[in-house]
Each structure stands twice: as C-alpha cells, then as structure tokens.
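Take a look at the structure below.
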Amino acid sequence: MRRVVITGLGLVTPLGHEVDQVFERILQGDCAIEPISIFDTSQYKVKLAAEVKDLNMDDFFSPRELKFNDRYTQFARIASKIAVQHSLLNLDTINKDQFGVIMSTGIGGIGSFEKAMESMIVKGVSRVSPFFIPMTLVNLAAGMVAIDHQALGECSCVVTGCAAGTSSIGEAFHRIKYGQQDIIIAGASEASITPLGVGGFMAMRALNESTDKNRASIPFDKDRSGFVMGEGAGALIVEELEHALNRKAEIYAEIVGYGSACDAYHMTAPSEDGSGIVKAMNIALQEARISSVDIGYINAHGTSTPLNDKTEAIAINKVFHSVKVPVSSTKSHIGHLLGACGAVETIFCIKALLTGWLPPTINLVNQDPLCDLDIIKTARKSAIRYAMCNNLGFGGHNVSLIVKKWDDHVK
C-alpha cells in the first residue's frame, strides 16, 4: 500500500481565505456570524448566517467566468487555485493522467436555480440562460477545477450531504493509496445562503432563529436550537508520498484512516444510538492501525442541533470509552458550511497538528450534560500526533477521517 500525504491547503471561509490567518482567528475566538446581507430577510424568522465577504473575485476570474459560474463553483475554483499554489505543484512537469479532482458539494448551484426560475416566471421561458443547467449541476465545480489545472485523471463529485467534503478527501486517499492516481485536488464547496436555501432549512426547523450572534451557533450547549448556515470551500492537494518527496514538496500531514458507514435509519435524523458514526470512527482507527487513545483531538460535526450533538457525544464516548479526548466544533465560528464543512474542518485539524494549538468551541455557556465530552472552550496548547474529523449527512451518511502529524523520521 502507498502512503498518502497533504501538500497543499486552500480555503474560502467567512473568516477569510488565507489559511494561517483564518486559523489564527479561530484560535482567537472570532465569530463570523452576522445578519444576512445577501437577500432581504424581512419575511424570515432566521436572520443570521456566516457569509463570505471581502473576497475580491477579480483576483481570480475574468468577468465572463464570474457571470457563468455559480457562487459555489467560484468558491471551489478559488480554494483549489490557492491549494495548488500553496503546494508549489509544477503543472508542466507532472503526469496529467495521474492528476485527478474530487470536488464535492451538498446542494450545488441553488442560487443559479433560483435566478433561472425567477427569470422564467417574470420574463418567460425563452429568457432562461443557456448556462442555467451547467451552473446548477453538482459535478460542475469538479469539472471546472479540472479545466483550470488540466487534470486529466479521475474527475468526480461525492455527494453525501454534509459529509461530502470529508468523503471527497477520504475517497482521494483511497484512490492514491491503491495506486489509481498520484495527485488529487480534493475538497468541497457550498453557497446556499439564498432565499430558497435558508427558507427550506427554516421550514424544517433546522436553523437557529436567534438574533444574538453569540447565542446562535452554540454546539453542545443545552440551549442550542438549530444550526447557522455558512458558506465557503476547502481544497487539499492529496499526494502519494514518494511523488511528493521526489519533487521536494513540503508535507503538512499524512492521511492514515478513513471510515464511512450508513445509518439506514431516517431521511434526516442520525440513528439515536450513534451506531453509524461509531462504525465510521472504528473503521478509520482500524485502517490507521491505532487505538482511540492515540487520537489527540476530534473536530466534531457539532452542528448545534439538539439531536446531532447529543448523538455524536454518545458515539464518541462509545468509541473512546473512559478517555476524554479533546473535542471542539469550529461551526461555532463560521456556521455550518453544509457539504463543504468537512473539507474546511480537515484543514483545521491539519493546522492543529502543525501548530500544537487546538481550536475552541466558542460561545458555549451551559454545556449539555447529555454531551459529556471534554469540550475545548478556549484555544488549548497540546502537541498531538493524530487528529480526527467527523461529519454526518442527511440520508444517514457518517464519515470519519484521521490525519497524522508529519514526521519524516517516523516511518
């Protein structure tokens, strides 16, 4: 089996798009949740979200590209460009047939869908843009990222709801581990802070309706009542170890374990006993050939919904038994990026390995006794070797990914 490492990181988040700066803001306890500005919320009970702001699109795209790419595709392309640049990958010298893309999403181009529907209703079907379909398809971000970098290998999109980002990294890990590709741009993107996106989740009563940004996204707090929507993207350069060493790439972490399991239980709710995410974590630990005591940090799915946080806490305690592994949910800072959350949160795990600082769960005032975990409330110094990222998605998807601190002296 081949070893697989991370050689490039790219982010687009509500806290910025420079990886080091974003992580520093996370450690400082910054919160990007603000009143929604993208559309008029006067008829909505939900008023808050975590929007991507202060991102100069002209730095990355021509006016035509901006016009004919949905916002989620724009985010995916920007994060991927940043990751490729960060990796110092020479696109002129690599084998393009061994260079792939797995770029995922949960919903895709919902904003473009809404605009096309409005255009058809107001102006007639003849005014629907010929770019409407490609702008909305969930696989088009992957395709555009491949075009940007002339990646001629596998190009796919793993759609597992809010587990999509972690799924894409895990699938890239396995493609490279088993010799199918040498390099893959893996990650996910989401841009669903739209009238229909927010309205749909609001109708499900899944969103927090507070107007206080500091009491809105509050994972593991007994007063939690729903998640806050975020948007953005994360992209990672996933690479075979020898390929990375041969080009003298800087290695940021090694991927060592990936677990995926289905609840087969309910359309939107996780299995109440946490059995699906328990299985995913155990599969990841088995592949990594480590035990639960080796994990130094868990970036939990931690959505701030009553059922998710309780169920995930039950699952973590089943896997880790009496070991109180440090846990946090960075959704308290940037909201829930839906399909993109796992890609962004994996990058936070890698930064925790690199810096020795564990990110906090902010605004946790009254920890729910049913969430009996060692929740990090302020940034904590800890020299860890392994970090785990967990994500769950509608449809019963459960995914767990383990990354290891890179040490070229330890084989």
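The values are calculated or read from the model by the stated rules, or taken from the named source; none is laboratory data. These figures come from a predicted structure and were not determined experimentally. Don't worry about glycine lacking a Cβ; one is built from the backbone with ideal geometry, like all the others, and counts go over all protein chains shown.
In segment 350-362, of all residues being in a loop (DSSP other than H, G, I, E, B) and among the β-branched types (Val, Ile, Thr), the one that is surrounded by the fewest Cβ atoms within 10 Å (Cβ to Cβ) corresponds to Ile362.
Here Leu55 meets each of (1) modelled with pLDDT of 95 or more; (2) part of a loop (DSSP other than H, G, I, E, B) with one exception, condition (1).
Scanning segment 382-400 for residues that are part of a strand (DSSP E or B) and aliphatic (A, V, I, L, M) gives Ala387, Met388, Leu392, Val399.
Under the condition of being closer than 18 Å to Ala76 by Cβ and in contact with a strand residue (DSSP E or B) (Cβ under 8 Å, 6 or more places away or on another chain), the residues counted in segment 6-37 number 12. Taken as a whole, the condition of being in contact (Cβ under 8 Å) with a residue 60 or more places away in the chain and more than 20 Å from the chain's Cα centre (by Cα) applies to Glu240. In segment 72-88, the condition of being part of a loop (DSSP other than H, G, I, E, B), under 22 Å from Ala172 (Cα atoms) and not hydroxyl-bearing (Ser, Thr, Tyr) is met by at least one residue. With the condition kept exactly as written, say whether any residue in segment 252-268 is modelled with pLDDT under 95 and either buried (at least 21 other Cβ atoms within 10 Å of the Cβ) or under 21 Å from Val4 (Cβ atoms) (or both). Yes, there is a match, as at least one residue in segment 252-268 is modelled with pLDDT under 95 and either buried (at least 21 other Cβ atoms within 10 Å of the Cβ) or under 21 Å from Val4 (Cβ atoms) (or both). Of Thr136, Thr160, all but one fail to be at pLDDT below 95 and polar (S, T, N, Q); the exception is Thr136.
Within segment 312-343, the set of residues being surrounded by fewer than 20 Cβ atoms within 10 Å (Cβ to Cβ) and either over 20 Å from Leu364 (Cβ atoms) or small (Gly, Ala, Ser) (or both) comprises Lys318, His321, Ser322, Val323. Count of segment 306-364 residues, restricted to those that are over 18 Å from Gly276 (Cβ atoms) and of a type in the set (Lys, Arg), is 3. Of the residues in segment 186-193, at least one is buried (at least 24 other Cβ atoms within 10 Å of the Cβ), outside any loop (DSSP other than H, G, I, E, B) and hydroxyl-bearing (Ser, Thr, Tyr). Annotation note: of Gly165, Gly187, Gly143, the sole residue that is of a type outside the set (Asp, Glu) and out of contact with any helix residue (DSSP H, G or I) (no Cβ under 7 Å at 6 or more places or on another chain) is Gly143. The single condition among (1) surrounded by fewer than 24 Cβ atoms within 10 Å (Cβ to Cβ); (2) within 30 Å of Gly257 (Cβ to Cβ); (3) of a type outside the set (Lys, Arg) that Gln150 does not satisfy is (2).
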